[in-house]
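Inspection log for the structure reproduced underneath, given as structure tokens.
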Amino acid sequence: MLKLITNLCGIITTIAISTSALAQENFPLDGRVIQSHTAEDVLFVKAQLSAKNFEPAIVHKAQIAEAKRKLKALENKTGKRPNIVVILMDDVGWGDIGVNGGGAAVGAVTPNMDKLATQGLRLTSLYSQPSCTPTRATLLTGQLPIRTGLLRPALPGEGGKGLGGAKTIAKILQESGYTTQAIGKWHLGQHKNAQPQNVGFDHYFGPLTSSDDYTSFLEPWRNPDIVNDDKRMNWAKQSETLAMVAGKSGDEAKPVFDINMQSIRLVDEELTKYGVNFIKKQQSSDKPFFLYFATRGAHFDNYPHPDFAGKSGAKYPYRDVIMELDYRIGQLVASLEQTDQLDNTLIVITSDNGPMLETFPDMGHTPFRGGKGTTFEGGVRVPGIFYWPGMINPGRVSDGLFDMADIFTTAASLGKASNKIPKSAYIDGIDQSSFLLSDKGLSNRRSIFYWAGSVFMGMRFGEYKWLINDLQYESKNTWPHASPFQSSVTPSVYGGKLFNLYIDPLEEHGLLPLKQPFIPVLLPEIKRHLSTFKTFKPKTRLRGLEALSGEIAK
Ligand code: CA
């Protein structure tokens, strides 16, 4: 444990030295209010259409100019466009991170993520989709899952259609001269053409599917009817590739690391080793790089690395894994610093959905209502850390809206590759580079739309959330882990529920009858969103529109 503490501290210290001078200016101790609102009042701003197939964005001219100046100065210094590292954790809750009120308070400290958040920009309203596959598809294609049809993971035997031809941010950056690497969980189709190295990444290393696919059938406490039956066991083993795979563009990825009940504990360590080596190799490259790093942890069931097992304050496997993930993130960031690439790299740290509450007591934490599989805030509001020393003003916190699709559009913009975004698909992502880079940047996004599979659930606009359908959701917390997708939807009879998320983050008090003045602004925004599906036909039929008036739902 002593070694562990030394390592953690070593990384923290390294990061702190490079940015501490800047940070002091941003934490005045004299009681001055430096920023009373972190998001503007979207009731009074308009969003503008930049292209027929782009989500309209609020145009903040001054912050766009400021961001351009910063990027130009950096490129003059480094001679290349910036690197982009997206670290996507699995099923990690908004509240697991120390700076979001978790950390020590929930028995798993996250010193590295806390440091990166306080030395960078922390977003309190970054939205994912309710589960793994839809979020990953959204991040990589800039399109909501209802457009691509990737509403849930493929079930065994379904094959999986992959991204269905949607162009990924990896492809866009690859075409514009970036080195592109995917490491870690994929979960967007396992067949050759759906694998990461064949949809825009130069190379891939990791587990193609979800962590539990490798372990749950081997657990005697979960599946005694398989484990205790040799014939069933052999049959089950044949249905999956029980290994991490690796491959380069054009190839089918080959098994390189067997995953079993022991080696599952080492997966995030292996992924990190691979990531550190990749980062080191880029030091001498003339090309910028895009690294998509998707962790195994902390998807159920959690099997922490031996160095971390039982070492968290809580001593539960999920919490041990949170500590491990924090440590692995520290290792990746340290390798960027050691190779002098930190100043030219945007680092994004987030999670693919909220915590899975059905695994109680070994589960993540959110202060919001509901969890994974729901469109309550607990299911789709995830940690948002953006770190880029010298480019992102340290100490910023913002409640400005940010959708996972915005990572696609923002990365394309930073890579000067926006012209390679296809015109044939509607892009739900917005370029948020000026939000990130301007010292007092505001979100360029006016609204967030909630979809539960193919069912339209509602919209967030400013601090208001309008759910037009009722989600029946009950976390059973039953052994041995029921599905997180137990929820069902019924149309609201009286127009749905309007929640003020600032005063009611648990979505308990519907205010629709009391807030009528807001409706003439909110309704056209929903209508606008739904109208995009008329011009750009979705792969799946839209559902859940019964609660809206005929004119809107048409
Ligand atoms: Ca997940």
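I'd like to verify a number: residues in segment 188-204 that are open to solvent by 20 Å² or more (accessible area, probe 1.4 Å), in contact with a Lys or Arg (Cβ under 9 Å, 6 or more places away or on another chain) and under 15 Å from R136 (Cβ atoms), how many?
1
If you scan segment 181-228, which residues turn out to be under 23 Å from F293 (Cβ atoms), among the charged types (D, E, K, R) and out of contact with any Ser or Thr (no Cβ under 9 Å at 6 or more places or on another chain)?
K192, D212, D213
For segment 520-548, give me each residue that is in a helix (DSSP H, G or I), within 18 Å of K465 (Cα to Cα) and open to solvent by less than 40 Å² (accessible area, probe 1.4 Å).
Those that are in a helix (DSSP H, G or I), within 18 Å of K465 (Cα to Cα) and open to solvent by less than 40 Å² (accessible area, probe 1.4 Å): L522, E525, I526, H529, L530.
Which members of segment 300-359 meet the condition of being buried (at least 24 other Cβ atoms within 10 Å of the Cβ), of a type in the set (F, W, Y) and away from the ligand (no atom under 16 Å from the Cβ)?
Across segment 300-359, the qualifying residue is only F308.
Can you name the helices (runs of 4 or more DSSP H) wholly within segment 169-227 that have at least 1 residues being at pLDDT 95 or above and in the same structural domain as P304 (by TED's automatic domain parsing)?
Passing ranges, in order: 169-175.
With E474, E508 as the choices, which residue is outside any strand (DSSP E or B), within 18 Å of G379 (Cα to Cα) and modelled with pLDDT of 90 or more?
The conditions single out E508.
For (1) open to solvent by less than 70 Å² (accessible area, probe 1.4 Å); (2) in contact with a helix residue (DSSP H, G or I) (Cβ under 8 Å, 6 or more places away or on another chain), each residue gets a yes or a no:
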position	(1), (2)
T168	yes, yes
W186	yes, yes
G206	yes, yes
S211	yes, yes
D229	yes, no
M233	yes, yes
V256	no, no
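Among the residues of segment 359-394, count how many are over 22 Å from L467 (Cβ atoms) and not small (G, A, S).
The qualifying residues number 16.
Would you be able to tell me the number of residues in segment 377-400 that are closer than 30 Å to E358 by Cα and open to solvent by 10 Å² or more (accessible area, probe 1.4 Å)?
2
When segment 283-299 is examined, which residues are found to be surrounded by 20 or more Cβ atoms within 10 Å (Cβ to Cβ) and more than 16 Å from the ligand (Cβ to nearest atom)?
Correct list: P288, F289, F290, L291.
Can you tell me which residues in segment 100-138 are open to solvent by less than 10 Å² (accessible area, probe 1.4 Å), closer than 21 Å to Y387 by Cα, more than 16 Å from the ligand (Cβ to nearest atom) and not in a helix (DSSP H, G or I)?
If the condition is that a residue be open to solvent by less than 10 Å² (accessible area, probe 1.4 Å), closer than 21 Å to Y387 by Cα, more than 16 Å from the ligand (Cβ to nearest atom) and not in a helix (DSSP H, G or I), then G102, T110, G120, L121, L123, S125 are the ones that fit.
Is one or more of the residues making up segment 73-86 assigned by TED's automatic domain parsing to the domain that holds L150, within 16 Å of the ligand (Cβ to nearest atom), in contact (Cβ under 8 Å) with a residue 12 or more places away in the chain and part of a helix (DSSP H, G or I)?
Within segment 73-86 (the criterion being assigned by TED's automatic domain parsing to the domain that holds L150, within 16 Å of the ligand (Cβ to nearest atom), in contact (Cβ under 8 Å) with a residue 12 or more places away in the chain and part of a helix (DSSP H, G or I)), the answer is no, since none of the residues qualifies.
Identify, please: which residue in segment 274-329 is under 19 Å from the mean Cα position of the chain (by Cα) and among the β-branched types (V, I, T) and is, among those, farthest from P82 (Cα to Cα)?
The qualifying residue farthest from P82 (Cα to Cα) is V321.
The values are calculated or read from the model by the stated rules, or taken from the named source; none is laboratory data. As the structure is a computational prediction, the values presented were derived from the model and not from experiment. Here the Cβ is made from the backbone with ideal geometry for all residues, glycine too, and neighbour counts use every protein chain on show. SASA here: full protein model, heavy atoms, side chains in, ligands and nucleic acids out. Shrake-Rupley method; radii C 1.70, N 1.55, O 1.52, S 1.80 Å.
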